[in-house]
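Before we start, here is the structure in question, set down as structure tokens.
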């Protein structure tokens, strides 16, 4: 199985070299594609330097400016489909997703799943260093999606996912509308409605985000932070936009499947 890991980056200078070394060290010969949104801190330049060490396994897509998490993944998926990869994985660069768990996601795909999800909630709650408001928002959103759709996924907003090639090849990326957490939900929901099998085992993984990352407005924290407000306590202010995004996904997808 030829495997590609897609990692979007923006200002990940402190993490990117360590992440490259870790992914390259894993058993199984994973390839790594970094999709960098013009990081002013030189993230892209570091990737280019490391490419000399891994010329056949490390790749870089450079984009001009912050164009959104969803579009970064879609560009990475399209890049992968133009090459002979059998499985494509998505994950963050800040080590909030443990690269070692790529092996567990791969095992799920090899066991017959079409989509493998690294879940924070398949066995209780495996999240540390999150404010309670953010934990409740994420957990409740995933429960909400599961109840409303019937989709057998414990962590619908998870960003640590493996897809078989056939899944990505079947999805029309031009019809994927969401760019934040909604993107993660929409991808899983689309694959499920198309009849692809989401792994019965969602490998539990622990997500830990540093306080610096939480407050920076980076991709792990997709909601806008309102000036002058105690955002860690603003549960409704975060949940309501997410629920609206979920409803837009479900409404739009339902209309598409009825056509």
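Looking at the range 143-156, which of the residues that are assigned to a helix (DSSP H, G or I), surrounded by fewer than 22 Cβ atoms within 10 Å (Cβ to Cβ) and in contact with a helix residue (DSSP H, G or I) (Cβ under 9 Å, 6 or more places away or on another chain) is modelled with the lowest pLDDT?
144
May I pose another question? Here is a list: 44, 29. Which entry is part of a helix (DSSP H, G or I) and in contact with a strand residue (DSSP E or B) (Cβ under 9 Å, 6 or more places away or on another chain)?
So the residue among 44, 29 that is part of a helix (DSSP H, G or I) and in contact with a strand residue (DSSP E or B) (Cβ under 9 Å, 6 or more places away or on another chain) is 44.
Going by what's in this entry, would residue 42 be described as within 24 Å of residue 174 (Cβ to Cβ) and surrounded by fewer than 20 Cβ atoms within 10 Å (Cβ to Cβ)?
For residue 42, the condition - within 24 Å of residue 174 (Cβ to Cβ) and surrounded by fewer than 20 Cβ atoms within 10 Å (Cβ to Cβ) - is not met.
Does the range 76-105 hold any residues that are under 15 Å from the mean Cα position of the chain (by Cα) and within 14 Å of residue 32 (Cα to Cα), and which are they?
76, 77, 87, 88, 89, 90, 91, 92, 93, 99, 102
Any residue at all in the range 47-63 that is in contact (Cβ under 8 Å) with a residue 60 or more places away in the chain and buried (at least 22 other Cβ atoms within 10 Å of the Cβ)?
Within the range 47-63 (the criterion being in contact (Cβ under 8 Å) with a residue 60 or more places away in the chain and buried (at least 22 other Cβ atoms within 10 Å of the Cβ)), the answer is no, since none of the residues qualifies.
The values are calculated or read from the model by the stated rules, or taken from the named source; none is laboratory data. Small disclaimer: the values here were computed from a predicted structure and weren't measured. Note: ideal-geometry Cβ built from the backbone for every residue, glycine included; neighbour counts use all protein chains shown.
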